[in-house]
1. Scan Arg331, Arg313 and give me the residue that is over 25 Å from Gly364 (Cβ atoms) and of a type outside the set (A, V, I, L, M, F, W, C).
2. Name the helices (runs of 4 or more DSSP H) wholly within region 130-226 that hold at least 2 residues that are more than 19 Å from the chain's Cα centre (by Cα), over 22 Å from Gly78 (Cα atoms) and modelled with pLDDT of 95 or more?
3. Quick test for you: out of Pro60, Pro80, pick the one residue that is touching a residue at least 24 places away in the same chain (Cβ under 8 Å) and loosely packed, with under 13 Cβ neighbours inside 10 Å.
4. Can you tell me which of (1) under 24 Å from Pro10 (Cβ atoms); (2) in contact with a Lys or Arg (Cβ under 9 Å, 6 or more places away or on another chain) is the one Gly58 doesn't meet?
5. Filter region 281-313 for residues that are farther than 21 Å from Leu234 by Cα and among the charged types (D, E, K, R); which is surrounded by the fewest Cβ atoms within 10 Å (Cβ to Cβ)?
6. May I ask you to list the residues in region 18-59 that are in a helix (DSSP H, G or I) and either of a type in the set (Ser, Thr, Tyr) or in contact with a His (Cβ under 7 Å, 6 or more places away or on another chain) (or both)?
7. Based on what the data block shows, is Arg292 of a type in the set (D, E, K, R), touching a residue at least 12 places away in the same chain (Cβ under 8 Å), part of a loop (DSSP other than H, G, I, E, B) and out of contact with any Leu (no Cβ under 7 Å at 6 or more places or on another chain)?
Amino acid sequence: MSTTEPTTAPWRRALVVGLGLSGRAAASLLRALGVEVRGYDARAELDDPPEGLALFLGAPQPPDEAFEGIDLLVLSPGVPPRAIREQAARIAPEAAVHGELSLALHLVDFGGVPQWPAVPTVLITGTNGKSTVTALTGALLEADGRHPFVGGNLGVPLCQRLEQTLVGHAPWPDSLVLECSSYQLETLPPLPTEVAMLINITPDHLDRYDSLQDYARTKARIFAGLSTTGLAVLDADDEWTEHLRPEHGTVALVGEPGVAQVVGEGQAQELVVGGDRFPRSCLRIAGGHNARNALFALLAARHLGVGAAACRRGLEGFPGLPHRMVWVRERQGVVFFNDSKATNVASALAGLRGLDRPFVLIAGGLSKGDDLSPLRELLARQGRGLVVVGSSAEQFAAMGQGVVPVVRAELMDDAVAKAAAMATAGEAVVLAPACASFDQYKSYAQRGEIFEAAVRGLE
């Protein structure tokens, strides 16, 4: 480790549970701070085992000895925490519990590392749209000449950036713009927050939470550290807003007149935030849901002092994110869109409702238990066909039966070919699975890449 000033960490010995991307980032940072680190993963073998850790691999639960003497437990987001917390409470009851993101934010707030001074923090969550809002908020700040770190659940883990700054490989940003999943919020303590956004609540991850109410309350932890001068942003039309809005800070509601609205029709449509008006055409990403997402980002940027001219430059320069309703190709008058990031029904609906043409839908994967009836209703109005894939194929086929022609496909090449055969000029083929990808793919990104390759391979 190469640092110019001494560093300290408030712990001596840590156990990191789950050695994926975020777990490895947390372990590496802790080692760089001089903490003794143990690592556990349910996999018996790791492709690239992290160095310098005492490893416990291959068991469904860490052995008790992994907890002995620890004063810090780091839970990776994908690890259901209940059993691990109970085990830690029995063996190491005094140990602090963090996730990778809360660990990083706590270390910055702790102030023990001079290289990481406190900077304005923007936290963003919601069932759908949070990645787009996070990336667009960062783009608006960058258009103002600022140097934010944009990450968290999106892209680079914050612990990784802290270590890069610690060893002199990256300058410290002037703000933190962080996407937060509900899993990450489970371990988030009240830490200083200048802007906190809760975009929406729709059913998701109900295999992990006891109820939708439990899931919603977890999302609302985003407001725990909001400062008295901070800004909370929620959706005026979301049924959960009245139950989850914080009692401290300033509350701004997207969709409320005089605060943030999409007004007008067609080419005359505008994004109106306070006294600022931005032509909808400034925003290159399609769909009414993305216009609303932009209002969240604009409210955050204006609260942090970004001028209207810089906001317009940021809107105009933002290309959108991969696998989120991305235009792939037009073939024989049919447009193909990759919305592989639509891993639940609400997210799939948001993208499909923004289309200005009929569509053939490719859907299915690892089901999250969502109600599929809203998809059936949309297919009845605008659908031309349904191609079902993955472990939930039969469930989706039953949903579409009697509404549109339904065909089954095993692999993505087959699904794309069958969808292309069903669509005619003026229509679209959309991969919007409304499911997780893990039954057939490593990630939604891999699923989207394979879809795009199949589309480009069509003769």
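1. On inspection, the qualifying residue turns out to be Arg313.
2. On the way: elements: 130-143, 158-166, 182-185, 212-219.
By residue number, 130-143, 158-166.
3. Values: Pro60 fails: touching a residue at least 24 places away in the same chain (Cβ under 8 Å).
Result of the check over Pro60, Pro80: Pro80.
4. Condition not satisfied by Gly58: (1).
5. Arg284
6. Hits for region 18-59 are Ser22, Ser28.
7. On the way: of a type in the set (D, E, K, R): yes; touching a residue at least 12 places away in the same chain (Cβ under 8 Å): yes; part of a loop (DSSP other than H, G, I, E, B): no; out of contact with any Leu (no Cβ under 7 Å at 6 or more places or on another chain): yes.
So Arg292 fails the test.
Yes or no, residue by residue, for (1) over 17 Å from Met325 (Cβ atoms); (2) without any contact (Cβ under 8 Å) to a residue 12 or more places away in the chain; (3) aromatic (Phe, Trp, Tyr):
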residue: Ile362; (1), (2), (3): no, no, no
residue: Ser373; (1), (2), (3): yes, no, no
residue: Gln401; (1), (2), (3): yes, yes, no
residue: Phe451; (1), (2), (3): no, no, yes
residue: Ala454; (1), (2), (3): yes, no, no
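The values are calculated or read from the model by the stated rules, or taken from the named source; none is laboratory data. In this text the structure is predicted, and so the values were computed from the model without any measurement. Quick reminder, even Gly has a Cβ in these numbers, built from the backbone with ideal geometry, and neighbours come from all protein chains shown.
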